[in-house]
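Asker: Below are the structure tokens for one structure; questions will follow.
The values are calculated or read from the model by the stated rules, or taken from the named source; none is laboratory data. As the structure is a prediction and not an experimental result, all values here were calculated from the model. Methodologically, a virtual Cβ is constructed for each residue, glycine included, from the backbone with ideal geometry; neighbour enumeration extends over all protein chains shown. Please note that ligands, DNA and RNA were not included when accessible areas were found on the heavy atoms of the full protein model with its side chains. Shrake-Rupley method; radii C 1.70, N 1.55, O 1.52, S 1.80 Å.
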Amino acid sequence: QVQLVESGGGLVQPGESLRLSCAASGSAFSVYTMAWYRQAPGKQREWVATIASDGGTAYTTSVKGRFAISRDSAKNTVYLQMNSLKPEDTAVYYCNAKVTIREYWGQGTQVTVSS
């Protein structure tokens, strides 16, 4: 069982930045594939970014060049640095871990971008 705890959400103005963190339990963090998803009001949950165990990254088109996913295996933590935030980035952001055939989710953290 893997437990994920997100933090770092909040209310910011357009153009500002936020960094989300996701702390994972377990001793095998280094082999987890970690990802961030988000769900805006009235919409389906969508994939945002992934970082593989080897550090390879991938992003959905709408956040490329603005968001950066990273991981710190010493802290069992994955981050999502979000820059140049837009109102359309407003959503609950969820951390996701994939371990072999199993998948785990955090409880989510709210990000609101509004002037």
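Asker: Give the residues of the range 61-107 that are under 16 Å from Ala23 (Cβ atoms) and out of contact with any strand residue (DSSP E or B) (no Cβ under 9 Å at 6 or more places or on another chain), sorted by residue number.
Answerer: Answer for the range 61-107, where residues must be under 16 Å from Ala23 (Cβ atoms) and out of contact with any strand residue (DSSP E or B) (no Cβ under 9 Å at 6 or more places or on another chain): Ser73, Ala74.
Asker: Continuing with this model, one more query. Specify which of the listed residues (Gln13, Gln39) is over 15 Å from the mean Cα position of the chain (by Cα), among the polar types (S, T, N, Q) and under 18 Å from Gln110 (Cβ atoms).
Answerer: Going through Gln13, Gln39 in turn, the sole match is Gln13.
Asker: Exactly one of (1) open to solvent by 50 Å² or more (accessible area, probe 1.4 Å); (2) in contact with a strand residue (DSSP E or B) (Cβ under 7 Å, 6 or more places away or on another chain); (3) without any contact (Cβ under 8 Å) to a residue 12 or more places away in the chain is unmet by Ala58. Its number?
Answerer: Among (1) open to solvent by 50 Å² or more (accessible area, probe 1.4 Å); (2) in contact with a strand residue (DSSP E or B) (Cβ under 7 Å, 6 or more places away or on another chain); (3) without any contact (Cβ under 8 Å) to a residue 12 or more places away in the chain, the lone unmet condition for Ala58 is (1).
Asker: Restricting attention to the range 24-45, report how many residues are within 12 Å of Asn96 (Cα to Cα) and loosely packed, with under 13 Cβ neighbours inside 10 Å.
Answerer: Result for the range 24-45: 0.
Asker: Can you report the number of residues in the range 33-48 which are assigned to a strand (DSSP E or B) and in contact with a Lys or Arg (Cβ under 9 Å, 6 or more places away or on another chain)?
Answerer: The qualifying residues number 9.
Asker: Look at the range 46-55 and say how many of its residues are surrounded by fewer than 17 Cβ atoms within 10 Å (Cβ to Cβ) and under 19 Å from Val5 (Cβ atoms).
Answerer: Looking only at that region, the number is 0.
Asker: Take the residues in the range 92-106 that are out of contact with any Asp or Glu (no Cβ under 8 Å at 6 or more places or on another chain) and not aromatic (Phe, Trp, Tyr); name whichever of them is farthest from Ser27 (Cα to Cα).
Answerer: Among them, the one singled out is Val92.
Asker: Which one is surrounded by the most Cβ atoms within 10 Å (Cβ to Cβ) among residues in the range 68-106 that are of a type in the set (S, T, N, Q) and within 10 Å of the chain's Cα centre (by Cα)?
Answerer: Asn96
Asker: While we're here: Only one residue in Val113, Val12 is surrounded by 12 or more Cβ atoms within 10 Å (Cβ to Cβ), on the phi < 0 side of the Ramachandran plot and in contact with a helix residue (DSSP H, G or I) (Cβ under 6 Å, 6 or more places away or on another chain). Which one?
Answerer: Unique residue meeting the criteria: Val113.
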